[in-house]
Amino acid sequence: MHDRVLIVTGGSRGIGAATCLLAAERGWGVLVNYAGNVEAAEGVCARIHAAGGTAVAVRGDVSREEDVEHVFRAADRLGRLAGLVNNAGIVGPGARVEELDAERIGRILAVNVTGSFLCARAAIRRMSTRHGGAGGAIVNLSSAAAKLGAPGVYVDYAAAKGAIDTFTVGLALEVAGEGIRVNAVRPGIIDTDIHAAGGDPGRAARLAPSLPMPRAGTAEEVARAILWLLSDEASYTTGSTIAVSGGRAALP
Ligand code: NAP
């Protein structure tokens, strides 16, 4: 049994995958959650195993309660849960608000917001001293979009990430006396598949020259901030959000 297990939702690709790899390097036993891309998830685990680490890939849609329970039960079999990264996130194709329908808005909120709540709930039930746990840390993925609003592209996603900002503060205060720290990172434009998923694969390269630091960030650069927030180096940090955005939307 591993004494320090980390669940990374959406750990198969992008920022989540980079977080899994770095966490394993730093001694965490890692549960690599994914939605459907089993090859990518198993690929992350294979790299961790090859380096002598512990990892298991578990499929599950974070917006579904039964899937979340399945994922956390698999983590229980790995060892003691000590960390959660609420990383799974989706955008829809670029559109204006008057073009959105309830199904799209509901799905964006379900994965980005409800999924983070459901996973935090399961983590708190295991980690909180109130429930006999030994404490832990939660890191949520916000976005620069929460500050910028993403007009004309995906205001629904931006609003979901705004909800994550408030969720981070509220939950941090709720469990601050129970051994759990809750923080967030706010990435800017990071070079991952999410832009292609939103129908605009060239987005990061196109926007790069206009950014304060004129390049997109890498998934590894975000992962390093996440790992710091998870670590004891951040022992007095809770309710905080770190912008990892090369200066984009850097004001709190
Ligand atoms: P990505 O490359 O598109 O990867 C998304 C990951 O989430 C994949 O592992 C995917 O699994 C998983 N996933 C999607 N829906 C899921 C669900 N319902 N349940 C469980 N897992 C699910 O994304 P990314 O760019 O790394 O983004 C990671 C996080 O950072 C997101 O919360 C995103 O909003 C945030 N963020 C990203 C950027 C950016 O520029 N990239 C900027 C700001 C914030 P499969 O592989 O199985 O599909």
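Things worth noting here:
- Note on exposure: Met127, Met1, Met213 ranked by accessible area (1.4 Å probe, complete protein assembly) read Met1, Met213, Met127, with the most exposed listed first.
- Within the listed set Asp76, Asp156, Asp232, the Gaussian network model of the chain (springs between alpha-carbon atoms below 10 Å) gives the highest mean-square fluctuation for Asp232.
- For region 1-121: Kirkwood Rh in Å [reciprocal of mean 1/r, alpha carbons]: 14.6 Å
- Summarising the amide proton neighbourhood of Ala243: residues at separation of 5 or more, or on other chains, whose placed amide H is nearer than 5 Å comprise Arg186.
- Anisotropy class of region 107-154 from Cα gyration tensor, a/c 1.5 cut: prolate
- What the Cα atoms of the chain give is an Rg and a Dmax of 17.0, 51 Å.
- Long-range amide H partners of Val58 with built H, under 5 Å: Val32, Asn33, Tyr34
- Value of relative contact order over region 31-105, rounded to a whole percent, pairs C-alpha under 8 Å and six or more apart: 24 percent
- Region 173-228 shape via C-alpha gyration tensor axes, a/c threshold 1.5: prolate
- Computed from backbone phi with θ = phi - 60° and the Karplus coefficients 6.51, -1.76 and 1.60, the 3J(HN,Hα) list for region 129-145 is 4, 4, 10, x, x, 10, x, x, 9, 10, 10, 9, 9, 8, 6, 4, 4 Hz; x is used for glycine and proline.
- Relative contact order, whole percent, for the chain stands at 19, derived from Cα pairs under 8 Å and 6 or more residues apart.
- In degrees, nearest ten, helix 155-175 long axis to first principal axis of the chain (Cα): 30 degrees
- Using only Cα coordinates, the Kirkwood hydrodynamic radius of region 145-252 works out to 14.9 Å.
- Interchain or long-range residues, amide H under 5 Å from Arg26's placed H: none
- Cα-based helix-to-principal-axis angle, 14-25 vs the chain, degrees rounded to 10: 30 degrees
- Within the accessible area of the chain (1.4 Å probe), percent carbon and sulfur: 54 percent
- Among the trypsin sites (Lys or Arg not before Pro) within region 65-137, those in coil by DSSP and having at most 15 neighbouring Cβ atoms inside 10 Å are Arg96.
- In a simple Cβ point-charge model (Lys, Arg +1; Asp, Glu -1; nothing else charged), the chain has a dipole of about 380 debye relative to its Cα centre.
- Tilt relative to the chain, helix 219-230 - C-alpha long axis, 0 to 90 degrees, to 10: 40 degrees
- Computed from backbone phi, the HN-Hα couplings of region 241-249 come to 10, 9, 7, 10, 9, x, x, 5, 6 Hz, rounded to whole numbers (Karplus: 6.51 cos²θ - 1.76 cosθ + 1.60, θ = phi - 60°; Gly and Pro given as x).
- Computed 3J(HN,Hα) for region 42-49, one whole-Hz value per residue from the Karplus formula 6.51 cos²θ - 1.76 cosθ + 1.60 where θ = phi - 60°, is 5, x, 5, 4, 4, 5, 5, 4, glycine and proline marked x.
- Mean residue ellipticity (222 nm) of the chain, computed from DSSP H runs ≥ 4 via -39,500 (n - 2.57), nearest 500: -12500 deg cm²/dmol
The values are calculated or read from the model by the stated rules, or taken from the named source; none is laboratory data. In this text, all values refer to a predicted model and were calculated from it rather than measured experimentally. FYI the Cβ positions are ideal-geometry reconstructions off the backbone, even for glycines, and counts take in every protein chain you see. Calculation scope for accessible area: heavy atoms of the full protein, side chains included, ligands and nucleic acids excluded. Shrake-Rupley method; radii C 1.70, N 1.55, O 1.52, S 1.80 Å.
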